[in-house]
Amino acid sequence: MEDTPPHILLLDDTKIILDALHAALEPTGVLHEYADPRVAIAYLREHQVDVILTDISMPALPVDGRWFVTEVRKLYPAVPIIINTADDTLSLAALRGISGLDFVLKGPRYAQKIKSTVRRALRSVRTSPAPTRGRSTNGYKADLT
């Protein structure tokens, strides 16, 4: 087992959501919080993280979670990416169409499942023989409860 805490990148354009994610995940690892995908990508160009948790819809910004996931995959093909959304207008089919996702938390109770999903994603990284910059399995898992 690793002695160093995992580094978790959180991306959401809504401060109250970032605050809630911080409260839920603070004991889990070192958190890197961003409200703008462009700033998060700039950080990732210089630093590696163990797992990424991002929103998909960011209507007030010129880029969104889809853009962010595409850019992350260029840098880190194998880092687990978890999409969290309470947006009921996004269908499962639309979410499946986003290349590079590993986990999706969707629905009004997604917040209750964030901690366990992040832990599951971290386990997959720490037990995987592939390096973090290795090939993504794109093992999409959805939790729609």
**Request:** Look at residue 66 and say whether it is open to solvent by 30 Å² or more (accessible area, probe 1.4 Å) and closer than 18 Å to residue 98 by Cβ.
**Result:** yes
**Asked** For residue 34, are the conditions met, namely being closer than 24 Å to residue 113 by Cβ, aromatic (Phe, Trp, Tyr) and modelled with pLDDT of 90 or more?
**Response** yes
**Message:** The conditions are (1) at pLDDT 95 or above; (2) of a type outside the set (Lys, Arg); (3) open to solvent by less than 30 Å² (accessible area, probe 1.4 Å); (4) touching a Ser or Thr at 6+ places or on another chain (Cβ under 9 Å), and residue 41 fails exactly one of them. Which is it?
**Reply:** (4)
**Request:** Say whether the condition of being farther than 24 Å from residue 124 by Cα, among the charged types (D, E, K, R) and modelled with pLDDT of 85 or more is met by at least one residue in region 18-31.
**Result:** yes
**Message:** Can you pull out every residue in region 8-21 that is open to solvent by 30 Å² or more (accessible area, probe 1.4 Å) and either under 13 Å from the mean Cα position of the chain (by Cα) or among the hydroxyl-bearing types (Ser, Thr, Tyr) (or both)?
**Reply:** 14
**Asked** Taking the stated definitions as given, is residue 54 touching a Phe, Trp or Tyr at 6+ places or on another chain (Cβ under 7 Å) and at pLDDT below 95?
**Response** yes
**Prompt:** For region 114-127, what are the residues that are open to solvent by 60 Å² or more (accessible area, probe 1.4 Å) and either at pLDDT below 70 or not small (Gly, Ala, Ser) (or both)?
**Reply:** 115, 119, 120, 123, 126, 127
**Message:** Looking only at region 1-43, count every residue that is touching a residue at least 24 places away in the same chain (Cβ under 8 Å) and of a type in the set (Val, Ile, Thr) and tell me the total.
**Reply:** 6
**Asked** Which one of the conditions (1) closer than 15 Å to residue 122 by Cα; (2) at pLDDT 85 or above does residue 3 fail to meet, given that it meets all the rest?
**Response** (2)
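The values are calculated or read from the model by the stated rules, or taken from the named source; none is laboratory data. All values reported here derive from a predicted model rather than from experimental measurement. A quick note on method: Cβ atoms are made from the backbone with ideal geometry, for glycine too, and the neighbour counts reach across all protein chains shown. Note: areas computed on protein heavy atoms with side chains; ligands, DNA, RNA excluded. Shrake-Rupley method; radii C 1.70, N 1.55, O 1.52, S 1.80 Å.
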